[in-house]
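Nothing in this text is a laboratory measurement; each read-out follows from the coordinates by a stated rule. These figures come from a predicted structure and were not determined experimentally. Ideal geometry is used to build each Cβ from the backbone, glycine not excepted, and the neighbour counts take in all protein chains shown.
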Amino acid sequence: METATERILRLTIAALMTAANETKTQLAASIGLTQPQVSRRQSGQTAWTLADCDALATHYDITVSELLAGPTAACYAFQHRTPPPSHP
């Protein structure tokens, strides 16, 4: 049975992926997982681990606390720590 924290984490990761404009394949490569592993975690078939949370926070340049605070807090932190893309 999925906990509320697990559900919030899945929603947060989905929101961060959207904010970063990245695919599950890109996220997986960055955090040392395969795309199917990310898909299973995001579908709730497999739980995200504490090690995954550390890797995700590092990937998005946010703290684990911000990651676990929910989509709004995590996306706010991500958007305010990531420099805007440079245009050629």
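Data for the structure
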read-out	value
Cut-off 11 Å between beta-carbons: net charge of the residues surrounding LEU9, Lys and Arg +1, Asp and Glu -1	0
Relative contact order computed over region 4-80 (Cα-Cα under 8 Å; 6+ residues apart), in percent	40
Extension reserve of the GLN45-GLU6 stretch, reckoned as 0.36 nm per residue once the Cα distance is removed	12.9 nm
Formal net charge of residues neighbouring ILE62 (Cβ-Cβ distance under 15 Å; K, R +1; D, E -1)	-4
Value at 222 nm in deg cm²/dmol, rounded to 500, when DSSP H runs of n ≥ 4 in the chain each add -39,500 (n - 2.57)	-20500 deg cm²/dmol
